[in-house]
Amino acid sequence: MDSTQQLLQRLLDNLEGWLHGFVDILPNLVLAVLVVTVFGFASKYVQRAIYKIVGRLTAHRTICELFATLSRLAVLLVGTFIALGLLHLDKTVTSLLAGVGVVGLALGFAFQDIAANFVSGILMVFRRPFADGDLVEVGGETGHVQKIELRATEITTFDGLTVTLPNKEVFQNKIINYTRTDHRRVELEVGVAYSDDLRTARDVALKAVKACSTRDQSRDVEVYYTGFGDSSINFSLRFWLDNAEQDAFLAARSEAIILLKEAFDSAGITIPFPIRTLDFGAAEVGGEALSSSLRVVGRDQEVAQGA
């Protein structure tokens with residue numbers, strides 16, 4: 001009985017101590033609850049304000065929601081830490097901060113590629129190298145941008161394929177945006193025979209391409225000879241379009257090739273085939289002259305016909 005009474009007495013003493021402690025901390029507890037409540041309401045207004053502010057910088061809804069949500073969480077965390085401080089739980093606050101830091105560091109190492117794609121996606125949204133529907137060339141792929149997400153960017157190629165590119169690769173590589181400009185240059189590499197007159201060939205090429213219906217009439221056609229090739233003298237022909245879309249580019253280049261070929265045929269200018277010289281007289285490999293080989297073949301044919 002004595003031991004039972006001692007246990008009951010100890011329990012009552014503990015309950016009484018807890019009750020006194022609760023009464024002592026009650027004002028701080030009420031204040032802590034009030035702080036959390038105030039910060040909870042404030043977080044909603046901060047979230048709306050951040051959403052509007054970020055919305056002025058970018059029209060990307062996901063980014064706006066992300067920053068708005070992060071701002072609300074930040075306000076709630078501040079309110080929670082203040083409330084814990086009022087309850088004299090400073091050690092708990094320190095442990096929580098240390099735990100968050102360790103977890104964040106571990107996650108950073110474990111998901112560094114995902115984090116890199118995520119950060120690259122945010123930077124791309126603010127820098128705006130391209131928008132939905134733009135014709136771009138990036139990472140060796142060319143197509144129209146379909147979707148820009150925080151982790152990856154989707155483009156549709158001219159083959160109708162959907163390609164998903166990680167934002168880290170997109171951000172770190174060269175991006176060519178064909179939609180940002182209204183002009184695009186077409187460049188053709190052509191060769192003429194060594195026997196042709198170069199000035200005449202240049203004039204014929206200029207006149208032919210000037211008749212291209214899709215070229216920008218405000219810019220001149222340019223022809224520059226670039227070098228001596230194996231079987232031709234090469235020149236570069238350039239003209240501009242006032243439409244940078246891929247369909248217009250392909251159509252203009254095709255029309256220019258047709259006009260140039262027709263003009264050269266009419267003027268008697270030759271676009272030579274590749275020429276190869278075969279040496280049958282290399283003594284070191286036991287060869288012989290081509291003329292000798294042809295004479296032997298001719299005699300064999302005569303003998304066959306006589307028989």
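The values are calculated or read from the model by the stated rules, or taken from the named source; none is laboratory data. From a predicted model like this one, the values you see are computed outputs, not experimental measurements. For neighbour counting, all protein chains shown are included, and Cβ atoms are generated from backbone atoms with ideal geometry for every residue, glycine included.
Exactly one residue among PHE158, PHE171, PHE228, PHE249 is of a type outside the set (Asp, Glu), out of contact with any Asp or Glu (no Cβ under 8 Å at 6 or more places or on another chain), within 30 Å of SER120 (Cβ to Cβ) and not assigned by TED's automatic domain parsing to the domain that holds GLY133, and that residue is PHE249.
The residues listed here are VAL38, VAL100; of these, the one that is of a type outside the set (Phe, Trp, Tyr), surrounded by 11 or more Cβ atoms within 10 Å (Cβ to Cβ) and at pLDDT 70 or above is VAL38.
Being modelled with pLDDT under 90 and hydrophobic (A, V, I, L, M, F, W, C) is the filter; apply it to region 157-189 and report the residue that is surrounded by the fewest Cβ atoms within 10 Å (Cβ to Cβ). Looking at residues that are modelled with pLDDT under 90 and hydrophobic (A, V, I, L, M, F, W, C), I get LEU161.
Looking at ASP230, ASP196, ASP159, can you tell me which residue is of a type outside the set (Phe, Trp, Tyr), free of Cβ contacts under 8 Å to residues at least 12 places away in the same chain and not in a strand (DSSP E or B)? ASP159 is the lone residue from the list that is of a type outside the set (Phe, Trp, Tyr), free of Cβ contacts under 8 Å to residues at least 12 places away in the same chain and not in a strand (DSSP E or B).
In summary, ASN173 fulfils each of the numbered conditions (1) more than 30 Å from GLU149 (Cβ to Cβ); (2) out of contact with any Phe, Trp or Tyr (no Cβ under 7 Å at 6 or more places or on another chain) with the single exception of condition (1).
Listed here are the residues, each with its yes/no results for (1) among the aromatic types (Phe, Trp, Tyr); (2) over 44 Å from the mean Cα position of the chain (by Cα); (3) at pLDDT below 60; (4) in a helix (DSSP H, G or I).
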site: LEU250; (1), (2), (3), (4): no, no, no, yes
site: THR270; (1), (2), (3), (4): no, no, no, no
site: ILE275; (1), (2), (3), (4): no, no, no, no
site: GLY287; (1), (2), (3), (4): no, yes, yes, no
site: ARG299; (1), (2), (3), (4): no, yes, yes, yes
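The set of residues from region 210-240 being among the aliphatic types (A, V, I, L, M) and either at pLDDT below 90 or in contact with a Leu (Cβ under 6 Å, 6 or more places away or on another chain) (or both) comprises ALA211, VAL221, VAL223, LEU237. Looking at the structure I just gave you, is ASN243 of a type outside the set (Phe, Trp, Tyr), under 36 Å from the mean Cα position of the chain (by Cα), surrounded by 13 or more Cβ atoms within 10 Å (Cβ to Cβ) and at pLDDT below 85? It is true that ASN243 is of a type outside the set (Phe, Trp, Tyr), under 36 Å from the mean Cα position of the chain (by Cα), surrounded by 13 or more Cβ atoms within 10 Å (Cβ to Cβ) and at pLDDT below 85. Within region 208-221, residues that are assigned to a loop (DSSP other than H, G, I, E, B) have Cβ atoms under 6 Å from residues that are of a type outside the set (A, V, I, L, M, F, W, C) in these pairs: CYS212/GLU255; ASP216/ASP242; VAL221/LYS210, counting only partners at least 6 apart in sequence or on another chain. Scanning region 111-127 for residues that are loosely packed, with under 15 Cβ neighbours inside 10 Å and not hydrophobic (A, V, I, L, M, F, W, C) yields GLN112, ASP113, ARG127. Filtered by the rule that a residue be among the β-branched types (Val, Ile, Thr) and in a strand (DSSP E or B), region 115-148 gives VAL136, VAL138, THR142, VAL145, ILE148.
Regarding PHE235, is this residue of a type in the set (Phe, Trp, Tyr) and touching a Ser or Thr at 6+ places or on another chain (Cβ under 7 Å)? Considered against the rule, which asks whether it is of a type in the set (Phe, Trp, Tyr) and touching a Ser or Thr at 6+ places or on another chain (Cβ under 7 Å), PHE235 comes out as yes.
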